[in-house]
Amino acid sequence: MRRDHQVEVVDPLRCYMNITSHRPTVLFKDIILDDMDAVIPRIGASVTFYGTAVLRQFEMMHVFPLNESVAITRSRDKLRALQLLSKKGIGLPVTGFAHSTRHTDSLIQLVGGAPLVIKLLEGTQGKGVILAENNKAAESVIEAFRGLDAHFLVQEFIKESRGSDIRCFVIGEKVVAAMMRTAKEGEFRSNLHRGGSAQTVKLTPEERSTAVRAAKAMGLNVCGVDIIRSNHGPLVLEVNSSPGLEGIERTTGKDVAGLIVEFIEKNKDAKVNRSKTMGHG
């Protein structure tokens with residue numbers, strides 16, 4: 001469908017900024033980007049700091065952001081995100097976090113013992129996520145991560161999920177598409193980047209509500225919410241502020257990109273600003 005919008009793809013790392021109170025600007029290839037109506041941030045995890053700085057500059061120029069810089073930063077900090085989700089009463093796997101090696105045994109027992117999942121806070125797309133089959137293996141991995149001064153979470157392993165999770169694509173306050181991702185043989189991570197497969201899935205009302213509440217807790221207008229089915233209801237694994245479109249569009253046959261553009265068309269003048277309602281989270 002032709003929408004008569006002009007789109008400019010801009011690499012945030014090639015932008016530079018004039019940070020002034022009277023006329024803040026963003027420049028790309030020596031061109032001032034001062035005639036933008038909206039910006040769709042697609043910021044890689046490794047460039048979050050600079051990418052959100054550029055986005056913040058557009059916000060200062062009163063350009064409508066699909067997702068705001070503060071919401072993206074909030075969701076990228078896995079520990080902070082889980083704390084905010086927990087504060088809102090959203091279901092999560094039992095999760096532990098500690099600094100001292102003296103607490104390793106207690107940390108393992110906190111999440112119910114092995115098997116358990118250990119996640120690097122900086123990991124993305126399933127990288128830095130390890131399943132420890134027994135307590136000895138868990139201790140070894142934890143000690144190795146601590147030796148690298150790495151920050152990590154320890155989570156209970158939800159056996160009944162059987163290596164599957166559900167990606168809910170949220171736009172505004174509605175789940176517009178959903179797919180179940182299943183890990184390949186011998187793998188417990190269901191990410192499509194890691195060879196997982198996907199199929200359409202019918203969500204329960206509780207799963208839809210959980211996904212929308214998780215998006216709202218982060219202050220994100222558009223996101224992918226990853227949920228697993230457990231014996232005690234849906235549990236949120238992660239809220240992704242730059243979810244991939246190819247996999248969910250191919251699996252569901254829905255024009256998710258078109259729905260995103262429609263959201264911008266409807267809301268850019270209304271200045272939808274979800275993160276401002278979030279306080280200091």
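The values are calculated or read from the model by the stated rules, or taken from the named source; none is laboratory data. All of these numbers come straight from a predicted model, not from anything done at the bench. Please note: Cβ atoms are built from the backbone with ideal geometry, for glycine as well, and neighbour counts cover all protein chains shown.
For this structure, a couple of remarks:
- Filter pass, Pro41 being modelled with pLDDT under 95, touching a helix residue (DSSP H, G or I) at 6+ places or on another chain (Cβ under 6 Å) and farther than 30 Å from Ile142 by Cβ: no
- When Lys271, Lys266 are screened for being surrounded by fewer than 16 Cβ atoms within 10 Å (Cβ to Cβ), assigned to a loop (DSSP other than H, G, I, E, B) and modelled with pLDDT under 95, only Lys271 passes.
- The set of residues in the stretch 198-213 being in contact with a Lys or Arg (Cβ under 8 Å, 6 or more places away or on another chain) and either surrounded by 24 or more Cβ atoms within 10 Å (Cβ to Cβ) or among the hydrophobic types (A, V, I, L, M, F, W, C) (or both) consists of Ala198, Val212.
- None of Val170, Val141, Val175 is at pLDDT 90 or above, more than 20 Å from Leu235 (Cβ to Cβ) and either part of a strand (DSSP E or B) or out of contact with any Ser or Thr (no Cβ under 6 Å at 6 or more places or on another chain) (or both) except Val141.
- With respect to the conditions (1) closer than 22 Å to Met180 by Cβ; (2) outside any strand (DSSP E or B); (3) not aromatic (Phe, Trp, Tyr), Lys119 falls short on a single one, namely (2).
- Pick from the stretch 46-65, criterion part of a loop (DSSP other than H, G, I, E, B) and out of contact with any Ser or Thr (no Cβ under 9 Å at 6 or more places or on another chain), ranking: farthest from Cys15 (Cα to Cα): His62
- Residue list for the stretch 2-40, filter: more than 21 Å from Gly244 (Cα to Cα), assigned to a loop (DSSP other than H, G, I, E, B) and among the aliphatic types (A, V, I, L, M): Ile19, Leu33, Met36
- Matching entry among Glu143, Glu139, Glu122, Glu133 (being more than 30 Å from Phe263 (Cα to Cα) and in contact with a Pro (Cβ under 6 Å, 6 or more places away or on another chain)): Glu133
- Residue check, Ala150 at pLDDT below 90 and of a type outside the set (D, E, K, R): yes
- Remark: Ile43 falls outside the filter, which requires a residue to be assigned to a loop (DSSP other than H, G, I, E, B), touching a strand residue (DSSP E or B) at 6+ places or on another chain (Cβ under 6 Å) and in contact (Cβ under 8 Å) with a residue 40 or more places away in the chain.
- Of the criteria (1) outside any strand (DSSP E or B); (2) within 18 Å of Ser86 (Cα to Cα), which one Arg250 fails: (2)
- Matching option when the condition is crowded, with 17+ Cβ neighbours inside 10 Å, small (Gly, Ala, Ser) and under 28 Å from Ser21 (Cα atoms), among Gly91, Gly51: Gly51
- Some residue of the stretch 188-198 being closer than 19 Å to Gly112 by Cβ, at pLDDT below 90 and either assigned to a loop (DSSP other than H, G, I, E, B) or not assigned by TED's automatic domain parsing to the domain that holds Thr101 (or both): yes
- Residues of the stretch 156-178 classified as basic (Lys, Arg) and surrounded by 19 or more Cβ atoms within 10 Å (Cβ to Cβ), total: 1
- Enumeration of residues in the stretch 66-79 that are touching a helix residue (DSSP H, G or I) at 6+ places or on another chain (Cβ under 6 Å), assigned to a helix (DSSP H, G or I) and not polar (S, T, N, Q): Val70, Ala71, Ile72, Arg74, Arg76
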